[in-house]
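> I'd like to ask some things about the structure below.
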Amino acid sequence: MIKFSDLKLDPKVLKAIEDAGYETPTPIQAGAIPPALEGRDVLGIAQTGTGKTASFTLPMITLLAKGRARARMPRSLVLCPTRELAAQVAENFDTYTKYHKLTKALLIGGVSFKEQDQLIDRGVDVLIATPGRLLDHFERGKLLLTGVQIMVVDEADRMLDMGFIPDIERIFSLTPFTRQTLFFSATMAPEIERITNTFLSAPERIEVARQASASTTITQGVVMFKASRKDREASEKRQLLRALIDAEGEKCKNAIIFCNRKTDVDIVAKSLKKYGYDAAPIHGDLEQSQRMRTLDGFRDGTLRFLVASDVAARGLDIPNVSHVFNFDVPSHAEDYVHRIGRTGRAGRSGTAIMICTGRDDKNFADVERLIQTEIPRLANPLDGVIMPASDDEAEGEARTSSSRSRSRSSRGRSGDKPAPKDKPEDAQIETRREEKPRDEKPRDDRPRDEKPREDRPREDRPRDDRPREDRPRDDRARNDKPRDDRSRDAKPREDRAPEGRSDDRRDRPRGGQGRDSGRDNGPKVVGMGDHLPSFIALSFDERRTV
């Protein structure tokens, strides 16, 4: 059996490994470390949880033991897809450089640029970064990659899923052609294989397990779930999750619960906390400091349940995770392998349970096709159990909204109720009047308050047989009580015109300023004062009061 002492590592590195409690390398470590120490490119393919991080950190420390870094020019570069994985790689370097004086810098989002710039300005031997933050520093002129001797790409398939492949290609072009490249991935998609063929020179390929396979130390299971009602599916699914946790009993020491969407991560964590489960969420929208506190609490055992998105599915080394619950079937089959790989690490046993609904059938079939194994079906612990109407605040909010809609509909129907039988006769008549069609038009276009109120029937009223053009223009001339003995049209013109005013508009001057230019507005109105504007006085004109 091969031991670390047989791999020609630096004595100080071997001492740090011994202090960490390791003696025997994993298959990927035994296969990747010797060619890496020789300076060759390495392409490592292994399932998650097999120790890929130590496969490149140990030879890098040995090769960088001699030499000195220059300002803004790191000697080595490690690219990671997520902040958590980058922070974990940095912790591994701290563990294994215990007896070396190598410097490192961690470039991730959510941390001040100023602190990172200060580290780069002093010069670092190992630079660990996510692609986005690394390019930010480079474009700001704070970083040069021309001094990189060793470049590592960790979890390359996750880089592909997150859309980092164009950034990876650009970073490769910024590093020297003579660099040594160590490339690690759990799966080998065609796009990743194209990159390895382009940027790796005659790499040593180490594949210690079948591509995209699950560890044999993990006990898998799936519950085929169907809700009693479509609008209660989310609530009953959370009830099922709690029932599965309770069914495991003391065997479930801690667990990671994976959800596909960030909103579901928050909802599930809130629901678990409401029912007394020690749970906390972690996803990409949270502050970096909060994410690190949550992970630290889960590692040291103060937090029992970690509800996570796929940000925690890759590369996180938490050795003592007993269970993994897939609240949702992952959209990409490869993610299933990485999710359940958080348990059963370093030869330990683990349990992975998944909940599959009707809409997840296609994704579930892709998972079984990828791992080439039929996942055992588990019995639903809630079968035959009468579920309560609601289980948490999300269901309560849905019930509140539905009650509001019912109240609105009841208010809309309240006007359609028939009148009670014991209603007085006058009220019934009034009700019948209200039920008349609203589109019934009045008999003429006159306002209702100007209509004459006559008690005579319509057929007894006198009829005006004169032609339309001979009838009085003023509607009020139709009334039986005219205002004057003479109609307005019968008055002489001179009697209708005010004194001192001419109605001949042709005599008015044109082009005057203002509306009342060239117009004599007649005598001033008594009692309004001489300062009254002329346009207000017009409203008191005798002609305009008719």
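The values are calculated or read from the model by the stated rules, or taken from the named source; none is laboratory data. Everything numeric here is computed off the predicted structure, so don't read it as measured data. We place every Cβ from the backbone using ideal geometry, glycine too, and count neighbours over all the protein chains shown.
> For the range 214-241, name all the residues that are touching a residue at least 60 places away in the same chain (Cβ under 8 Å), part of a loop (DSSP other than H, G, I, E, B) and of a type in the set (S, T, N, Q). Please lay out each step first, then the result.
Our first condition is that a residue be touching a residue at least 60 places away in the same chain (Cβ under 8 Å); within the range 214-241, this holds for 214-215, 217-228, 231-241.
After this cut, where a residue has to be part of a loop (DSSP other than H, G, I, E, B) as well, the list is 214-215, 217, 225-228.
Answer for the range 214-241, where residues must be touching a residue at least 60 places away in the same chain (Cβ under 8 Å), part of a loop (DSSP other than H, G, I, E, B) and of a type in the set (S, T, N, Q): SER215, THR217, SER228.
> Using the structure shown, decide if ILE256 is in contact (Cβ under 8 Å) with a residue 40 or more places away in the chain and over 28 Å from the mean Cα position of the chain (by Cα). Spell out how you get there, then give the answer.
Values: in contact (Cβ under 8 Å) with a residue 40 or more places away in the chain: yes; over 28 Å from the mean Cα position of the chain (by Cα): no.
The answer is no for ILE256.
> Another question, then. Given the conditions (1) under 23 Å from VAL111 (Cβ atoms); (2) under 19 Å from the mean Cα position of the chain (by Cα); (3) surrounded by fewer than 16 Cβ atoms within 10 Å (Cβ to Cβ), which single one is not true for SER289?
(2)
> Same structure again: If I filter the range 191-213 for residues that are of a type in the set (Gly, Ala, Ser), touching a Leu at 6+ places or on another chain (Cβ under 7 Å), in a loop (DSSP other than H, G, I, E, B) and in the same structural domain as GLY51 (by TED's automatic domain parsing), do I get at least one hit? Don't jump to the end; show me each part of the working.
Step one: list which residues in the range 191-213 are of a type in the set (Gly, Ala, Ser), which gives 201-202, 209, 212-213.
Then drop every residue that is not touching a Leu at 6+ places or on another chain (Cβ under 7 Å), which leaves 212.
Okay, now just the ones that are also in a loop (DSSP other than H, G, I, E, B), so 212.
From the residues that got through so far, the ones that are in the same structural domain as GLY51 (by TED's automatic domain parsing) too are none.
For the range 191-213, residues of a type in the set (Gly, Ala, Ser), touching a Leu at 6+ places or on another chain (Cβ under 7 Å), in a loop (DSSP other than H, G, I, E, B) and in the same structural domain as GLY51 (by TED's automatic domain parsing): absent.
> Determine whether the range 319-333 contains at least one residue that is of a type in the set (D, E, K, R), in a helix (DSSP H, G or I) and buried (at least 19 other Cβ atoms within 10 Å of the Cβ). Walk me through how you get there before you give the answer.
Quick first cut of the range 319-333, residues of a type in the set (D, E, K, R) only: 328.
Pick out the ones that are also in a helix (DSSP H, G or I) and you get none.
For the range 319-333, residues of a type in the set (D, E, K, R), in a helix (DSSP H, G or I) and buried (at least 19 other Cβ atoms within 10 Å of the Cβ): absent.
> State yes or no: is LEU160 under 34 Å from the mean Cα position of the chain (by Cα) and crowded, with 16+ Cβ neighbours inside 10 Å? Please lay out each step first, then the result.
On the way: under 34 Å from the mean Cα position of the chain (by Cα): yes; crowded, with 16+ Cβ neighbours inside 10 Å: yes.
Yes, satisfied.
> Can we say ILE17 is in contact with a helix residue (DSSP H, G or I) (Cβ under 7 Å, 6 or more places away or on another chain) and not in a helix (DSSP H, G or I)?
On the way: in contact with a helix residue (DSSP H, G or I) (Cβ under 7 Å, 6 or more places away or on another chain): yes; not in a helix (DSSP H, G or I): no.
Considered against the rule, which asks whether it is in contact with a helix residue (DSSP H, G or I) (Cβ under 7 Å, 6 or more places away or on another chain) and not in a helix (DSSP H, G or I), ILE17 comes out as no.
> While we're looking at this one, here's another question. Regarding ALA46, is this residue touching a helix residue (DSSP H, G or I) at 6+ places or on another chain (Cβ under 8 Å), within 23 Å of GLN149 (Cα to Cα) and not assigned by TED's automatic domain parsing to the domain that holds HIS338? Talk me through it step by step, then tell me what you get.
Values: touching a helix residue (DSSP H, G or I) at 6+ places or on another chain (Cβ under 8 Å): yes; within 23 Å of GLN149 (Cα to Cα): no; not assigned by TED's automatic domain parsing to the domain that holds HIS338: yes.
Answer is no for this residue.
> Would you mention how many residues in the range 23-38 are assigned to a loop (DSSP other than H, G, I, E, B) and crowded, with 20+ Cβ neighbours inside 10 Å? Working first, answer last.
Taking the range 23-38 first, the residues assigned to a loop (DSSP other than H, G, I, E, B) are 23-26, 38.
Next cut, crowded, with 20+ Cβ neighbours inside 10 Å only: 25.
Qualifying residue count for the region: 1.
> Only one of (1) closer than 28 Å to MET159 by Cβ; (2) in contact (Cβ under 8 Å) with a residue 40 or more places away in the chain; (3) buried (at least 18 other Cβ atoms within 10 Å of the Cβ); (4) within 25 Å of the chain's Cα centre (by Cα) fails for SER271. Which number is that?
(1)
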